[in-house]
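**Student:** Sharing a structure below in structure tokens format, with a few things to ask.
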Amino acid sequence: MEKTENKMEKIVSLCKRRGFVFQGSDIYGGMAGLYDFGPYGVELLNNLKSEWWKAHTQYRDDYYGLDSAMFKDPKVWVASGHVGGFSDPLSECKKCNTRIRVDKELKNIGISADEKMPESELQELFEANKNKISCPKCGSHDFSPSRSFNLLVKSNLGDFTGEGKDPVYLPGEACQGIYLNFKNVVDSTRAKVPFGIAQIGKAFRNEISPRNFLFRTRELEQADTQYFVKPNENKEEYEKIKQDRMNWYISLGIKPENLKFVQHENLVFYAKDAWDIEYNFPTGFDELEGIHDRSDYDLTQHMKHSGTDLNYTDPYTGEKYIPWILETSVGMGRMFLAFISDAYSEDSLGGETRVVLKLSPKLAPIKVAVFPLLKNKPELVERAYAIYKELSKIMKVEFDDNGNIGKRYRRQDEIGTPFCVTVDFETLEKNEGVTIRDRDTGEQVRVQEKDLISYLTQKMA
Ligand code: GAP
């Protein structure tokens, strides 16, 4: 399918219609940059998280899992640099007050710019080019000067003064909890450098212009790994981590031609190197996941600001050092959008056009749908329901006896169910087993009921 705005609209519409994703606070008119995951969406999201989690904490023995508290000592965000420098360049349309993100608008007209550039440099570029930028709402070119806008979201947790003093911040990025617990993990496990910590956690950002559905939101969830290595032993491991992350997407079905590595041109001062894995979203190639070589910045900062010694002592040589950190970080919403977008197809099967989500069986929200051929034959319904109950003990299954078989197939195709099992008269009268229909080919095979579980589990491995 061609890359068009239209494809994004189709995905948003499918997500709403079939209960994958809803606009946040929908019944109140919706809130920008916030989304709720519906019944099928939460299944897909959980399957993505589970595959990511297993890839690090189950298939590897050098990663440790973590789930840290969202709220942290406010000094954490000073140490991390977020209070001082976590900002995006903002400008306001003088006619209608619509806010734009300056670096993104410059990029849209082909000028190389990003939020890490010095404020003065961005302002100069903006001044020179703002006549080519139109306000997305009223079309005017009359903008206020670019200024930095801090993205941290404040809360009043534990502040009973009612005066809003001493804000406690919501996390601007999830990974800070990993740095805070580096020492705890070393002290409480057998972790030895090199090793990693994996965490999936929420983050909040006052994004100036949330956009493109799940791509840029104000509340997000980040799947992060931080890999701790000996100083200067970063290069080889960094390359391995980059490849592992790329291979992970491909192993779960993303088409390799829709993924690419892009190196950052502007590095933050402490970074040794930074690459993005970009995905070919319906709006074009853009950042899916960041892979950052962060040197010893994070632990050094937290050691300075907390007063706690975060040096690591090599158990074999006694050498003491602050480990360097290699980070991977991906927003779960962006990941979700990439997988849905890659799986979304329109094809024709048996002379009928259909929408089908060709998701890997590992990710599909429903693994198997079970149907009785006819709704008004109690013996078919009973047998199909018994099979559904049995399969439900080991996988997510749906029972459907509504409408004709063709309609039921279409419904399951749209949500990506890889297999549909039908109980018909041959099942009951001739003991010929059930039919299993393959989502992608439409082909059907007959399988004896006693072999059903092993057939399906093999197909899904
Ligand atoms: N700890 C590093 C960090 O937070 P980042 O590049 O700001 O780095 C990492 O974010 C990833 O989080 C991005 O690659 C993207 O997948 C996701 N992300 C960042 N901001 C986002 C937003 N506003 N909405 C959705 N996902 C976002």
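**Student:** What is the set of long-range amide H partners of residue 433 at a cut-off below 5 Å, with H atoms built 1.01 Å from backbone N?
**Tutor:** For residue 433, the qualifying residues are 449.
**Student:** For a paramagnetic label modelled at 7 Å from the Cα of residue 128 toward its Cβ, which residues of the stretch 62-105 fall within the zone defined by backbone nitrogen distances under 16 Å?
**Tutor:** Of the residues in the stretch 62-105, 103 have backbone N under 16 Å from the label point off residue 128.
**Student:** Are there cysteines in the chain with no other Cys C-beta under 4.7 Å, and if so, which?
**Tutor:** 15, 175, 420
**Student:** Tell me, what does the Kirkwood hydrodynamic radius of the stretch 247-391 come to in angstroms if you use every pair of distinct C-alpha atoms?
**Tutor:** So the Kirkwood estimate lands at 20.2 Å.
**Student:** In deg cm²/dmol, rounded to 500, what helix-only [θ] at 222 nm does the chain give when every DSSP H run of at least 4 residues adds -39500 (n - 2.57) and the total is split over its residues?
**Tutor:** Rounded to the nearest 500, it is -9000 deg cm²/dmol.
**Student:** Related question: Rounded to the nearest 0.05, what FRET efficiency do residue 69 and residue 190 have when you use their Cβ-Cβ distance and R0 = 30 Å?
**Tutor:** 0.75
**Student:** Here is a follow-up. Which of the lysines could be linked to residue 137 by a straight reach, that is with a Cα gap under 17 Å, when you skip same-chain ones fewer than 8 residues away?
**Tutor:** 94, 95, 104
**Student:** A further question follows. Which of rounded, prolate, oblate describes the stretch 3-129, given a ≥ b ≥ c as roots of the alpha-carbon gyration tensor eigenvalues and a/c under 1.5 marking rounded, otherwise prolate only if a/b is larger than b/c?
**Tutor:** oblate
**Student:** Moving on to the next point. With only alpha-carbon pairs counted, each pair once and no self-pairs, how large is the Kirkwood hydrodynamic radius of the stretch 216-311 in angstroms?
**Tutor:** About 15.3 Å for the stretch 216-311.
**Student:** Excluding ligands, DNA and RNA, what is the solvent-accessible area per residue of the chain at a probe of 1.4 Å, expressed in Å²?
**Tutor:** Value returned for the chain: 48 Å² of accessible area per residue.
**Student:** Using the reciprocal of the averaged 1/r over all distinct C-alpha pairs, how large is the Kirkwood radius of the chain in Å?
**Tutor:** Final number for the Kirkwood radius of the chain is 24.9 Å.
**Student:** I'd like to know how the stretch 3-59 sits against the 2.2 N^0.38 Å rule of thumb: what's its Cα Rg over that expected value?
**Tutor:** Taking the Cα Rg and dividing by 2.2 N^0.38 Å, one obtains 1.39.
**Student:** Follow-up question, since we're still on this one. Can you tell me, using C-alpha contacts under 8 Å and at least 6 residues apart, the relative contact order of the chain as a whole percent?
**Tutor:** Relative contact order comes out at 13 percent.
**Student:** Further question on the same structure: Ranked highest first by average number of other Cβ atoms within 10 Å, how do 193-206, 348-361 line up?
**Tutor:** In descending order of packing, they fall as 193-206, 348-361.
**Student:** Based on the Cα atoms of the stretch 324-376, what semi-axes does the equivalent ellipsoid have, where each is the square root of 5 times one gyration tensor eigenvalue, given in whole Å with the largest first?
**Tutor:** Equivalent ellipsoid semi-axes, largest first: 34, 16, 8 Å.
**Student:** Now, a different point. For residue 309 and residue 286 in one chain, what is 0.36 nm times their gap in residues minus the Cα-Cα distance, to one decimal in nm?
**Tutor:** 4.4 nm
**Student:** On to the next question. Over the Cα atoms of the stretch 122-256, what Rg and Dmax result, in angstrom?
**Tutor:** Considering the stretch 122-256 through its Cα atoms, Rg and Dmax are 21.0, 61 Å.
**Student:** Please work out whether the stretch 157-224 counts as rounded, prolate or oblate from its C-alpha gyration tensor, where a ≥ b ≥ c are the square roots of the eigenvalues and a/c under 1.5 means rounded, while otherwise a/b larger than b/c means prolate and anything else oblate?
**Tutor:** oblate
**Student:** A follow-up question, please. Sorted by mean Cβ packing within 10 Å, highest first, what order do the peptides 302-314, 372-384 take?
**Tutor:** My ranking of the peptides, most packed first, is 372-384, 302-314.
**Student:** Tell me the carbon and sulfur percent of the accessible area for the chain, rounded to whole percent, probe radius 1.4 Å.
**Tutor:** Carbon-and-sulfur percentage of accessible area, whole number: 49.
**Student:** Once you treat every alpha carbon in the stretch 91-178 as an equal point and sum by Debye, what is log10 I(q)/I(0) at q = 0.17, 0.19, 0.25, 0.26 Å⁻¹?
**Tutor:** The computed values of log10 I(q)/I(0) come out as -0.78, -0.86, -1.15, -1.22.
**Student:** Calculated FRET efficiency, residue 353 and residue 108, Cβ-Cβ r, R0 41 Å, to nearest 0.05?
**Tutor:** Computed FRET efficiency for residue 353 and residue 108 comes out at 0.75.
The values are calculated or read from the model by the stated rules, or taken from the named source; none is laboratory data. Being a predicted model, the structure only gives us computed values, none of them experimental. Note that each Cβ is placed from the backbone with ideal geometry, even for glycine, and that neighbours are counted across all protein chains shown. Surface accessibility is based on the protein's heavy atoms, side chains included, excluding ligands, DNA and RNA. Shrake-Rupley method; radii C 1.70, N 1.55, O 1.52, S 1.80 Å.
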